[in-house]
Amino acid sequence: MQVWKDYQEKNKDRFLNEMMDLLRIPSVSAKSEHKADMLKCAEAVKKSLLDAGCSKAEVMATDGHPAVYGEKIIDPSKPTVLVYGHYDVQPVEPLDLWKNPPFEPTIIDGKVFARGSADDKGQFYMHVKALEILSKTDSMTTNIKFLIEGEEEVGSPNLGKFVAGNKDLLKADVILISDSSIRSLSWQR
Ligand SMILES: [Zn+2]
């Protein structure tokens, strides 16, 4: 729809800058020295969900790193989409194999290079921005929930318990997995 494209075009520099800020947070779940960064990143994800139009977003404790939940319910009788993603990233060692510092996002040939840019901050952020576009242009037709966890890169050891303990909160008709390949065609136009 043209109104979506117009919104995207008008805001694309901000979208990119916001994603770059997220990529600068070294949210390495496997390393205990990054515990504070994990919390900082979870808070940043929560803020991004609220800014995008979620009426509620929370950093929720688990037995490990926190998970972030957000929702925009337009009508409880309409279907609900649950977007899954993760804000944690893999360790970056060995550092000498990086051409650019992993937490200083660099754009080369229209692509963003940084730890997490393609797994999974880039992908889930795309869906956060999709929510923003739908929400700010009054074009939502379903309810949307987000579960952005912080332990995917260490095997999601606490996700099962978290989901089992929050069944009603996470109830949805469709789950959309953000943690997958990126199709870049639309950005070339
Ligand atoms: Zn992933």
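Laboratory data are not the source of any read-out in this text; all were calculated from the coordinates shown. Please read these numbers as outputs of a predicted model, since none were measured by experiment. Here the Cβ positions follow ideal geometry from the backbone for every residue, glycine too, while neighbour counts run over all protein chains shown.
General observations
- Share, in percent, of DSSP beta bridges within the chain that are antiparallel, nearest 5: 50
- For region 114-150 and region 1-16, distance of Cα centres in Å: 14
- The gain in end-to-end length when the LYS40 to SER55 segment is fully stretched comes to 3.3 nm, 0.36 nm per residue minus the alpha carbon separation.
- Fully extending the segment from LYS47 to TRP4 would add 13.3 nm, taking 0.36 nm per residue of separation and subtracting the current Cα-Cα distance.
- Using a simple spin-label model with pseudo-atoms 7 Å out from Cα toward Cβ, ILE175 and LYS31 lie 3.0 nm apart.
- Most to least packed among 85-91, 123-129 [average Cβ atoms within 10 Å]: 85-91, 123-129
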